[in-house]
Amino acid sequence: MNTLFLKKPSRRKFLRDFSLGTAAVATGLGFAEYARSQPASGNPPKKLGIALLGLGRYATGELGPALKQTNLCQLTGVVSGHPEKAARWAKEFNLPDKNLYNYDNFDSIANNPDIDIVYVVTPPVLHPEFVIRAAKAGKHVISEKPMATSVADCQAMIDACKKAGVKFSIGYRMHFDPYAKELMRLQRDGDFGSFMKMNGAFSFVMGRHEWRIEKKLGGGGPMMDLGIYIVQGACMAAGQTPVAVTAHEEPKQRPDFFKEVEETIDFHLEFPDGAVCDAVTSFNQSAANFRADGAKGWIEFQNSAFGYQVGDVVTSRGPLDYPRPYQQALQMDDFADCILSNRQTPVPGEMGLRDMKIVTAVYEAAATGKRVMV
Ligand code: NAD
């Protein structure tokens, strides 16, 4: 039977079945490797400790719940500017007071052996400061996307982590999603030939004011927040980095709301082998799709293309039906495994830097109307 067409279990069933055996598969470890990571006593290995920094919607809605499903890491601390939030998390996750930090005393996390990893989940402009402080405290670091809001900041974050000798990854959860992994496999194995033509859209209608439309916190608008997913998809499908971009910012329908950032931007990526990707991202439209065409076939993510649970995915061979696991649990377990087995993460800071170079080129192309080399 072709494993591509496995029956889709519910998320609850997936979590129920998430036992030791499936954990080995899900973490990307072979069974032998995973078994080797178990102590001879048969007791479960000590999980690495993660502190979430910034307890907003993503931390609360996704990362906290995911950390109840991880096998190689667990929540052991939080960093928050709001003591009442930290207290709520402490109660839910049974965290001792000594593992609750604020942004002022956070550097003393260096002396806390319960915490191995700091996961930065604040608005993007703040990622560099906290990643660099975490690295200086000797902790491994995960930064949410976009990694930062400038190429220089991305480089400074990478340099700080290298200097401190800690591992650094970006919260690119899609890399652990079975459908996105199939896209990358198709690229590698060439089932459909090289993907030469890609297109994608990622947009939602923003209802109320938030940091995503404040340049001083988000660094930009939908291109920073959502367009980066299409950039990621295009690089997965092409297996390369674009060399040039053109872009066009659409006139604003709600200029009073989108005062500081773009509302909608169209962009076109050109890859070294002639492959292209046409994309649109907006805070005033609704779409989430991605398609890649090769000479021998195609794959189309028809809806919720970049979602926590990917929507319908169809190929020229027929529909795909994979499990829809907890992407964030797999992502964090993979990073923990990178630390435990001293291997390179598939989503390193260098990938975040690559994407920031592309995003920066898109903004420059939109502002100047020129084709910009990446
Ligand atoms: P949010 O506004 O809900 O949370 C941000 C948190 O940062 C809040 O707890 C806030 O108190 C804290 N914070 C600290 N200093 C702040 C300051 N000066 N101004 C504003 N907030 C401050 O945002 P969110 O949606 O949780 O996004 C946080 C990060 O996670 C962003 O980088 C975002 O791009 C990323 N994110 C990633 C995904 C994903 O799928 N990977 C999904 C959503 C958000």
Looking at (1) outside any helix (DSSP H, G or I); (2) in contact with a Pro (Cβ under 9 Å, 6 or more places away or on another chain), which one does Asn342 not meet, given that it meets all the others? (2)
Out of segment 133-149, which residues are within 16 Å of the ligand (Cβ to nearest atom) and open to solvent by 40 Å² or more (accessible area, probe 1.4 Å)? Arg133
Here is a list: Phe192, Phe202. Which entry is aromatic (Phe, Trp, Tyr) and either open to solvent by 40 Å² or more (accessible area, probe 1.4 Å) or more than 24 Å from the chain's Cα centre (by Cα) (or both)? Phe192
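In segment 51-64, how many residues are more than 13 Å from the ligand (Cβ to nearest atom) and surrounded by fewer than 24 Cβ atoms within 10 Å (Cβ to Cβ)?
Applying the first criterion (more than 13 Å from the ligand (Cβ to nearest atom)) to segment 51-64 yields 51.
Now drop any that are not surrounded by fewer than 24 Cβ atoms within 10 Å (Cβ to Cβ), which leaves none.
Number satisfying all stated conditions: 0.
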Quick one: which strands (runs of 3 or more DSSP E) sit completely within segment 247-304 and have at least 2 residues that are touching a residue at least 12 places away in the same chain (Cβ under 8 Å) and aromatic (Phe, Trp, Tyr)? 297-301
Restricting the search to segment 164-182, which residues are crowded, with 21+ Cβ neighbours inside 10 Å, among the hydrophobic types (A, V, I, L, M, F, W, C) and either touching a residue at least 60 places away in the same chain (Cβ under 8 Å) or part of a helix (DSSP H, G or I) (or both)? Phe168, Ile170, Met174, Phe176, Ala180
List the number of the failed condition for Phe195; all other conditions in (1) in contact (Cβ under 8 Å) with a residue 60 or more places away in the chain; (2) within 16 Å of the ligand (Cβ to nearest atom) hold. (2)
Do we find a residue being within 16 Å of the ligand (Cβ to nearest atom), more than 21 Å from Arg371 (Cβ to Cβ) and assigned by TED's automatic domain parsing to the domain that holds Gly297 anywhere in segment 182-189? no
Tell me, yes or no, whether segment 104-118 has at least one residue that is part of a loop (DSSP other than H, G, I, E, B), among the polar types (S, T, N, Q) and open to solvent by 40 Å² or more (accessible area, probe 1.4 Å). yes
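Considering only segment 304-322, how many residues are of a type outside the set (A, V, I, L, M) and farther than 25 Å from Thr60 by Cβ?
Restricting attention to segment 304-322, the residues satisfying the condition of being of a type outside the set (A, V, I, L, M) are 304, 306-309, 311-312, 315-319, 321-322.
Narrowing further to those that are farther than 25 Å from Thr60 by Cβ: 312, 315-319, 321-322.
Residues flagged as of a type outside the set (A, V, I, L, M) and farther than 25 Å from Thr60 by Cβ within segment 304-322 amount to 8.
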Out of all the residues in segment 203-219, is one or more more than 12 Å from the ligand (Cβ to nearest atom), without any contact (Cβ under 8 Å) to a residue 40 or more places away in the chain and over 19 Å from Thr264 (Cβ atoms)? no
For segment 69-99, the count of residues that are of a type outside the set (Lys, Arg) and either open to solvent by 40 Å² or more (accessible area, probe 1.4 Å) or within 14 Å of the ligand (Cβ to nearest atom) (or both) equals 16
Residues of segment 258-300 that turn out to be touching a Gly at 6+ places or on another chain (Cβ under 7 Å) and polar (S, T, N, Q), as a count: 2
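The values are calculated or read from the model by the stated rules, or taken from the named source; none is laboratory data. Source: prediction; values computed, not measured. All Cβ positions, glycine included, derive from the backbone under ideal geometry; neighbour counts span all protein chains shown. Ligands, DNA and RNA are excluded from the accessible area calculation, which covers all protein heavy atoms including side chains. Shrake-Rupley method; radii C 1.70, N 1.55, O 1.52, S 1.80 Å.
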